[in-house]
Amino acid sequence: MNSLEIRQAFLDFFSSKGHQIVPSAPMVIKDDPTLMFTNAGMNQFKDLFLGNSQVKFPRIADTQKCLRVSGKHNDLEEVGHDTYHHTMFEMLGNWSFGDYFKAEAIAWAWELLTEVYRIDKKSLYVTVFGGDEQDGLPRDIEAFEFWKKYVSEDRILFGSKKDNFWEMGDTGPCGPCSEIHADIRPEADRVLIPGRDLVNTGHPHVIEIWNLVFIEFNRMANGSLQRLPARHVDTGMGFERLCMVLQGKQSNYDTDVFQPVIHELAHRSGKVYGVESQADIAMRVVADHLRAVAFAIADGQLPSNNKAGYVIRRILRRAVRYGYTFLGFRQPFIAPLFDILRKQMGSFFPELTVQGTLIERVIHEEESNFLRTLDSGILKFNNYLTQTLENKTISGDFAFELFDTYGFPVDLTCLMAKEHGWEVDMDGFHKGLEAQKQRSRAAAAVDTDDWVILRQGNAETAFLGYDTLKAEAEIVKYRRVKTAKNVYYQVIFDRTPFYAESGGQVGDQGWIHTPGGPIQVQNTIKENNLVVHIISNMPDDPETALLLEVDAAKRRLTANNHSATHLLHAALRQVLGSHVEQKGSLVDDTRLRFDFSHFSRLTPEELRSIETIVNQKIWENIPRTEHRRMPLAEATRMGAMALFGEKYGEEVRVIAFDSDYSVELCGGTHVEATGQIGLCRIVSESAIAAGVRRIEAITGQAAVESYNQQVEILEQVKEMVKNPVDAIRGVKNLMDENHKLAEELEALKRDKSASILKELKAGMTELNGVNFLAMQVDADSAMVKDLLFTLKSSVPDLFALIGYVQAQKRGISLIIS
């Protein structure tokens, strides 16, 4: 089977077992503060495990794009050096939410592997949880007994908590797991050492391919385990490893998943792949990192200098550095490889095709910029060598400065140092790195208590904010959160009129009215599908019903700006073309910011045209059309714009301002009719990345005040140029006069320079065969520089000491050139 057939066979198998096949969620996570990226197949179902969402399909199967480059699960430094670690990978999974459990999960896993994929049963081993005394958990004898139906006991191994108890994080759903391992060594090696002796020892050819997780506990903040009300199955099988096993390879990188890119890299670099050289490692790194970066950009995450964007930039720079150092590339080389990836995976992941132009341009620009950084870092490194007279050791402080300030990889610093017979003080480097990490940890440290559950409410908070700004509600649960700077509370109500930050729109602010007085709601966020209200102190009696009130003025202004982004988006597509797609937005009560795909700077004419269209739509006072629970397929048929990188449910909300103009999927708050916006003014347009532009605008009273400021400035200009009728003509006359005076001044300078030059030549003497000149001149610094260059070209062997007097606020200074 090729990789396309392997993936499809998995999905077809579980479809035949009654599973709903769902698409991969975006790799970039939007509403979970504990994660930047999807790092496991279960992430998109976290709400179901936590009970925050209703279960619509008790059985699900999918392939999930994952990225493991940060936090607890970080494989970045292993990538390329071994045969099976990756940054971005696919996780094939089947799921049961309160439906089947261990018996079916084990039976179907064995059936798929041995009957559909026809893997040799003698090459497979399984592990089960061996118990843990600290958690008070016994051996998983239940799973052991199920496995005995298919596998001999000598192939069933009991594993430790580390290997066979899966946890989502420090807290959250967890449970024992049962891993399936494949021994892909040659038969002669199997005879010498049984595969069971190499399971979970890190052997590259006795590897875990599938993990069956039986989720039945919830890990609390105090470390204790609490049984979940329902038991779930969460399985994950590494797609790339499975391809290696089924295609009879000894490395993931030898499969058809990676070989097309590696083959092209070998051709372009003139290197041979497969000889286990540094070039091999470099090709594996580039082939892996290309996928990670391309899928991240497709899902809406551009490289940047902070948070998730910094991680993506770091991955791409690691690939560039390996290609620069070991493959000899000095020009962008990763972007041209993208077309191979698109042809390989674009049929199953259409975002690679739809977003292809953007992905290629962003990668090219990032490569170009970092290659320049490498060149400047090498120059700085060489300067350091020439200026350092110490014992041929690069100081840790300098190595860290190169790394931290200039983005220069420390392993490249070590490599270059070695080439010159130097070494790097790595202890000093790690000291600086650890100090930086400590500062970051201290700034980001959050101490979160367990939830205090007051009542068992609905799985999801009922949002009432589309229809009302006031509502009576009860607290379902709350918890205390302590950061380095303050202490606050997160509160979940059974119902709320407060809009939680999402889709670019900021969260509502307002008040909770209690018998003891109002408590301000500082922000409202969405976390794992819950609407979380941030407050500084709890009500005296949290179990009583409370009145929630949204700040109406802020909500109205925010709605104005949000609706204006929809009108702006449609206008951009009308003026620039249908390639324009939203790449990000920020909407609050003061302004709107809209990022979109476009590959050149907007002209003043285009900006005027866009602004005019938006204001025409505002003045038409178009009423809002809203569909709250429309099936996604129906919304797509009516032309509603969906955003790549966003996760949509089976039912969506559609907002339209004229069905022939603006129709979008959107959960935000909007005006009843466009006339409420009043006026829109674009205040800036700029580039934020290759192929991505940003427009910032203001609406309503803010826009009127901005225009009034411009009129006031124009009146001041008229007064200054003494032309109250035609400011443009007055400014032009002033510029013409200035130009004329500048020409006259330049002519005077030339005459003066010629006169001084005669004096200099006349004052020159010869001392010991050298033309010597010492003189003070009445000239500015630019004139002195020109005089010296003129003398240098006409007088051989010149030594000149020339001083010019420069007037300053306090006295006179003599400048020597």
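Structure data summary
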{"item": "Karplus 3J(HN,Hα) series, Hz, for the range 267-283 with 6.51 cos²θ - 1.76 cosθ + 1.60 (x for Gly, Pro)", "result": "5, 6, 8, x, 9, 9, 8, x, 9, 6, 10, 4, 5, 4, 4, 4, 5"}
{"item": "Long-range amide H partners of residue 39 with built H, under 5 Å", "result": "67"}
{"item": "FRET efficiency, residue 430 to residue 722 (Cβ-Cβ, R0 60 Å, nearest 0.05)", "result": "0.35"}
{"item": "Sequence of 485, 758, 785 from largest to smallest accessible area, 1.4 Å probe", "result": "485, 758, 785"}
{"item": "Percent RCO, i.e. relative contact order, over the chain, from Cα pairs under 8 Å lying at least 6 residues apart", "result": "7 percent"}
{"item": "Rounded to the nearest 10 Å², the accessible area of residue 13 at probe 1.4 Å", "result": "20 Å²"}
{"item": "Volume in Å³ per residue [convex hull over Cα atoms, computed for the chain]", "result": "247 Å³"}
{"item": "Carbon plus sulfur fraction of accessible area for the chain, probe 1.4 Å, in percent", "result": "50 percent"}
{"item": "Kirkwood-based shape ratio for the range 166-259, expressed as Rg/Rh from alpha carbons", "result": "1.11"}
{"item": "For the range 91-155, diffusion coefficient by Stokes-Einstein and Kirkwood Rh (Cα), 4 °C, 1.567 mPa s, µm²/s", "result": "97 µm²/s"}
{"item": "Cα centre as origin, Lys/Arg/Asp/Glu Cβ charges: the range 578-656 dipole, Debye", "result": "60 debye"}
{"item": "Under 14 Å, Cβ to Cβ, from residue 799 - net charge with Lys/Arg +1 and Asp/Glu -1", "result": "-1"}
{"item": "Residue 793 paired with residue 307, simple spin-label distance in nm, labels 7 Å along Cα-to-beta-carbon", "result": "5.6 nm"}
{"item": "Against the rule of thumb 2.2 N^0.38 Å, how large the Cα Rg of the range 634-730 comes out", "result": "1.65"}
{"item": "For the range 170-194 and the range 472-519, distance of Cα centres in Å", "result": "46 Å"}
{"item": "Under 16 Å from residue 477, Cα to Cα: lysines that are on another chain or at least 8 residues apart", "result": "526"}
{"item": "Calculated [θ] (222 nm, deg cm²/dmol) that DSSP helices of n ≥ 4 give over the chain, each run adding -39,500 (n - 2.57)", "result": "-12000 deg cm²/dmol"}
{"item": "Debye, to nearest 20: dipole size of the range 122-180, +1 on Lys, Arg Cβ, -1 on Asp, Glu Cβ", "result": "340 debye"}
{"item": "The range 585-690, Rg to Rh (Cα coordinates; Rh as Kirkwood inverse mean 1/r)", "result": "0.97"}
{"item": "Pairwise label distance in nanometres, residue 768 with residue 449, each label 7 Å out on the Cα-Cβ vector", "result": "8.5 nm"}
{"item": "Residue 590/residue 16 FRET efficiency (R0 45 Å; Cβ-Cβ; nearest 0.05)", "result": "0.25"}
{"item": "Computed FRET value (nearest 0.05) for residue 704 with residue 383, which takes r as the C-beta separation and R₀ as 41 Å", "result": "0.15"}
{"item": "Solvent exposure of the chain as accessible area per residue, Å², 1.4 Å probe", "result": "48 Å²"}
{"item": "Cross-link reach list, aspartates and glutamates versus residue 583, counting only Cα pairs under 18 Å and skipping chain neighbours closer than eight places", "result": "31, 299, 351, 360, 365, 366, 501, 595, 646, 664, 685, 696"}
{"item": "Anchor residue 470: lysines whose Cα lies under 17 Å away (excluding residues fewer than 8 positions away in-chain)", "result": "554"}
{"item": "Protection proxy ranking, peptides 613-620, 704-711, average beta carbon neighbours within 10 Å, highest first", "result": "613-620, 704-711"}
{"item": "Fraction of the pair-distance distribution of the range 521-626 above 23 Å, Cα-Cα pairs, percent", "result": "45 percent"}
{"item": "Phi to ³J(HN,Hα) by Karplus 6.51 cos²θ - 1.76 cosθ + 1.60 over the range 10-24, Hz, x for Gly, Pro", "result": "4, 5, 5, 4, 6, 5, 5, 9, x, 8, 7, 8, 10, x, 5"}
{"item": "Under Karplus coefficients 6.51, -1.76 and 1.60, residue-wise ³J(HN,Hα) of the range 485-499 in Hz, glycine/proline x", "result": "9, 7, 10, 8, 10, 9, 10, 10, 9, 6, 8, 7, x, 7, 7"}
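The values are calculated or read from the model by the stated rules, or taken from the named source; none is laboratory data. What you see is a predicted model; the values in this text were computed from it and never measured. Using ideal geometry, Cβ is built from the backbone for each residue, glycine included, and neighbour counts are taken over all protein chains shown. SASA here: full protein model, heavy atoms, side chains in, ligands and nucleic acids out. Shrake-Rupley method; radii C 1.70, N 1.55, O 1.52, S 1.80 Å.
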